[in-house]
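Bear in mind these aren't lab numbers, they're just calculated from the coordinates by the rules spelled out. Predicted model only: the values in this text are computed from it and were never measured. Quick reminder, even Gly has a Cβ in these numbers, built from the backbone with ideal geometry, and neighbours come from all protein chains shown.
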Amino acid sequence: MVSVSKNWYHRYINLPFTIAPLDIFKKNGSKVKHFYINDYPFYPVEDWFNDLGLTLGLKEVFYTPPYSKIPIHTDHGMYTHHAKINITWGPDDGVIQWWKSDKTYRKKIDGHSEVTSEYHDNLWANEEDCEFLYEVNTNRPSLVNVGMLHGTNNPSPLGRWTICFVPLNERGQFIHWNSALEIFKDYLEN
């Protein structure tokens, strides 16, 4: 495992409010799902981000079925270090994992393959072409680096739902991992 001082992947974050699971999280299924919930209000998150000089850019949900994985990818088609906040409801052995690879490719996902979404144009990698770096359970609110290759692994018979909040800076850009560590420093656990 990577030491905390070199942890470019994850930090637990103490939110100043509670987020309850959505009603849809009671459902289980056999397919990976991803969708945006930008019309769903999350006023505590929006207000907190505003107080920190940020805006809430995207709200998204994804589901990792029992005994499944979400393929290794970067978010938003980039290979940069940018952060978002994840909250997961699921089994304790379900994790997010980070990887390293020199073999990435682009793949558009339009709702007709293993990921259900309006549209994705991310960087992807095959696990056999990757070096494993780090993993953690995110059943507690977590600041995660999604600009690095990552995916989820759910070896459990239970489904795993995650809600994600993507902070943007005053210019409407993603927050770099190092900037996120500084912005959220009063809320991060060591």
Note to self: With the alpha-carbon atoms as the only input, what is the per residue convex hull volume for the chain in Å³?
What the structure shows: 119
Next item on the list: With +1 on each Lys and Arg Cβ and -1 on each Asp and Glu Cβ, and nothing else charged, work out how big the dipole of the chain is about its Cα centre, in Debye to the nearest 20.
Entry: 240
Notebook entry, point to check: So how do E46, E170, E189 line up by other beta-carbon neighbours within 10 Å, fewest first?
Noted result: E170, E189, E46
Margin query: What does the charge count around Q97 come to, taking other residues whose C-beta lies under 10 Å from its C-beta (Lys +1, Arg +1, Asp -1, Glu -1)?
Written below: -1
Check: Classify segment 27-81: rounded, prolate or oblate, from the alpha-carbon gyration tensor (a ≥ b ≥ c, eigenvalue square roots; a/c under 1.5 rounded; otherwise prolate if a/b is larger than b/c)?
Finding: oblate
Note to self: Rounded, prolate or oblate for segment 56-107? Axes are the square roots of the Cα gyration tensor eigenvalues, ordered a ≥ b ≥ c, and the cut-off for rounded is a/c under 1.5.
What the structure shows: oblate
Item checked: Links that overshoot a 18 Å alpha carbon limit, given the list K59/K84; K31/K84; K6/K185; K31/K69; K59/K185; K33/K103 -> K31/K84; K59/K185; K33/K103
Margin query: Taking amide H atoms as placed 1.01 Å from N in the peptide plane, list the residues 5 or more away in sequence, or in a different chain, whose amide H sits under 5 Å from that of G57.
Written below: V166, L168
Checklist line | Among T80, H176, L54 - extreme Cα towards positive end, dipole of the chain, charges at beta-carbon | finding: T80
Checklist line | Charge sum, other residues only, whose C-beta stays under 14 Å from V166's C-beta, Lys/Arg counted +1 and Asp/Glu -1 | finding: -1
Check: What stretch of the chain, leaving out the sites themselves, is the longest with no trypsin sites (Lys or Arg not before Pro) in a DSSP loop having at most 16 other Cβ atoms within 10 Å?
Finding: 32-102
Notebook entry, point to check: In a GNM of the chain with a 10 Å cut-off on Cα contacts, which of L52, L143, L158 has the highest mean-square fluctuation?
Noted result: L52
Notebook entry, point to check: Within the chain, what's the longest stretch lacking chymotrypsin sites (Phe, Trp or Tyr not before Pro) that sit in DSSP loops with no more than 14 other Cβ atoms inside 10 Å?
Noted result: 120-190
Item checked: When the convex hull of its Cα atoms is projected in every direction, mean area for segment 123-190 (nm²) -> 6.4
